[in-house]
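What follows is a single structure, written as structure tokens, with notes after it.
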Amino acid sequence: MSRKTREYSIILVLLLLGGISFGLGRLSATKPVSVPVTLCASETVSTIEASAISAPLTSSHKTSQYVGSKNGTVYHLPWCGGARRIREENKVWFATKEEAEQAGYRPATNCKGL
């Protein structure tokens, strides 16, 4: 085997190893494809949605869809993170968005669906 053939063989082997290494690295970094989920606000709170709320619902809250804080100015859907942070004794419940807005509350910007 001539010297040029040996040099080309070494270069070819190095390029192949580099390509294989790069490909394996890319394979290990791939993430599974996830389908985005879109939540839509419903007109009434269903039994499944009510059970997703961290605080238990009393009979007066079963028809209420929106919650605000006595100390705040925004209203949330009951399962939003902002609503979960409101202490139970400070919660103000509203049946409709209009009712909450008439009471001087505005929609929470971090609660999707409002």
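Observations on the model:
- Which numbered condition V45 misses (of (1) out of contact with any strand residue (DSSP E or B) (no Cβ under 7 Å at 6 or more places or on another chain); (2) at pLDDT 65 or above): (2)
- For the stretch 48-93, residues that are β-branched (V, I, T) and modelled with pLDDT of 90 or more total 5.
The values are calculated or read from the model by the stated rules, or taken from the named source; none is laboratory data. On a predicted model such as this, the values are computed, not experimentally measured, just so you know. Don't worry about glycine lacking a Cβ; one is built from the backbone with ideal geometry, like all the others, and counts go over all protein chains shown.
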